[in-house]
Amino acid sequence: MRKTILPVNENPPIIGYLHHAYPLSILSVTEAYVPWFYSNFVQLISPKDIATNRNSQFDFYNKYFFFGYPQGIQPLKNQVIKRGLLSKNYTGGVKQFIIDCIDLGRYIYTWADEYDISSKISYQKNHVFHDVFIYGYDLENNCFYTLGFGTDMQFSSHLIPFEQLHSLEDTLDYWDIKIFVIERNDQFDDSSVDLSLLNIWLNDYLRSFDSSLRYKPLIYSYGLNSETGDLCYGISVYASLMEYLESVKRGQSSLDIRPFHILWEHKKIMVERIKYMIDNVYIEDDGLLEKAEQLEKVVLSIRNLLLKHFIMKNDIPEQYIKEKLLTARGMDIDLIETFIYILSGKLNPSNEN
């Protein structure tokens with residue numbers, strides 16, 4: 001074939017981190033993933049050193065759905081291959097391997113040096129090996145179809161010439177780079193929201209419960225695990241964000257907008273989850289949707305204000321934002337308590353008044 005492009009959604013429900021955006025860009029091409037998605041992605045985590053460690057990630061707890069973790073992303077199947085094996089032993093190297101995989105309907109997730117890629121902000125400035133997701137190729141124009149953030153900082157599709165991805169063949173002494181070969185799991189069948197699972201997540205979130213205790217074999221990124229007490233969960237992440245803002249104000253940290261973007265995506269997804277569950281008669285509204293929409297507006301205003309100060313490089317109004325976060329925290333507790341109460345009536349109908 002001269003050209004193959006696999007289906008993707010350029011506007012997946014989470015883009016704050018690429019390890020969510022990429023699998024969801026595959027899954028959200030159809031609606032089949034929605035019940036599984038809304039049964040999960042409730043819990044949040046924040047490393048306690050987020051104020052001082054640039055590598056710390058404020059994130060959805062469900063990062064364990066990332067490719068390569070033991071549980072994996074249930075609606076997808078993936079294989080993990082050491083890239084060095086391909087560059088040395090596969091005829092045509094990594095580039096030809098990717099083309100062959102795409103012809104078989106498989107997507108590729110790996111890492112490349114953005115110094116060479118003209119659509120990236122690091123182009124000809126810094127050598128940064130970063131995530132790259134490939135879903136198509138064009139032999140006539142000698143390019144791959146990719147998704148990611150470009151120089152405009154928008155998540156979208158980019159055509160990257162083959163010559164700008166020569167680092168795909170590289171192996172590094174300090175990093176055994178892998179390549180993920182991904183395909184849809186046609187045997188996965190999750191046609192309804194799992195109310196019991198959702199109830200567990202909501203209670204974990206409200207109680208700031210360490211959800212990793214339910215998944216003891218899991219090894220976290222950056223060497224974090226529940227036994228060291230390095231993570232905050234659920235409602236307690238608000239305190240972590242306020243501590244982070246104090247650190248930025250003191251000049252001990254630089255402002256990173258991603259934690260606040262993730263917090264907003266969490267609220268946006270909660271609104272969409274509740275709408276879906278009302279529309280599909282899982283629950284009655286009982287004012288729940290309005291509570292979620294009001295909370296999303298508050299968190300979006302925080303995110304947008306910080307984004308403005310990030311772009312303008314102005315001092316952040318730390319005290320004002322901390323007060324807004326405290327307001328959001330109170331609204332969040334009220335929302336989740338209401339949601340749990342409504343779900344308990346569905347799970348235990350004999351307890352309803």
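The values are calculated or read from the model by the stated rules, or taken from the named source; none is laboratory data. It should be emphasised that the depicted structure is a prediction, and the values quoted were computed from it without experimental measurement. Here the Cβ is made from the backbone with ideal geometry for all residues, glycine too, and neighbour counts use every protein chain on show. Side chains are part of the model used for accessible areas, which takes the heavy atoms of the whole protein and leaves out ligands, DNA and RNA. Shrake-Rupley method; radii C 1.70, N 1.55, O 1.52, S 1.80 Å.
Summary of values
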quantity: Helices (runs of 4 or more DSSP H) wholly inside the range 27-104 that include at least 3 residues being aromatic (F, W, Y) and either surrounded by fewer than 16 Cβ atoms within 10 Å (Cβ to Cβ) or modelled with pLDDT of 90 or more (or both); calculated: 34-39
quantity: The range 136-154 residues that are of a type in the set (D, E), paired with ones that are part of a strand (DSSP E or B) (beta carbon under 6 Å, 6 or more apart); calculated: D138/K3
quantity: Matching residues in the range 304-314 - criterion: being open to solvent by 40 Å² or more (accessible area, probe 1.4 Å) and either within 14 Å of K249 (Cβ to Cβ) or in a helix (DSSP H, G or I) (or both); calculated: N304, L305, L307, K308, F310, I311, M312, N314
quantity: The lone exception for L288 - which of (1) touching a residue at least 24 places away in the same chain (Cβ under 8 Å); (2) over 21 Å from Y238 (Cα atoms); (3) open to solvent by 30 Å² or more (accessible area, probe 1.4 Å) it fails; calculated: (3)
quantity: Residue ID - most open to solvent (accessible area, probe 1.4 Å), chosen from residues in the range 106-130 that are in contact with a Lys or Arg (Cβ under 8 Å, 6 or more places away or on another chain) and assigned to a strand (DSSP E or B); calculated: H130
quantity: Within the range 315-351, tally of residues that are closer than 20 Å to A51 by Cα, open to solvent by 80 Å² or more (accessible area, probe 1.4 Å) and not acidic (D, E); calculated: 4
quantity: Answer residue from the range 131-190, given it is closer than 25 Å to V34 by Cβ and of a type in the set (S, T, N, Q) and is most open to solvent (accessible area, probe 1.4 Å) among those; calculated: Q187
quantity: Sole exception among (1) surrounded by 19 or more Cβ atoms within 10 Å (Cβ to Cβ); (2) β-branched (V, I, T); (3) at pLDDT below 90 for I14, by number; calculated: (3)
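Okay, residues lined up against (1) surrounded by fewer than 17 Cβ atoms within 10 Å (Cβ to Cβ); (2) modelled with pLDDT of 95 or more; (3) under 14 Å from the mean Cα position of the chain (by Cα):
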position	(1), (2), (3)
V237	no, yes, no
S240	no, no, no
D256	no, no, no
E265	no, yes, yes
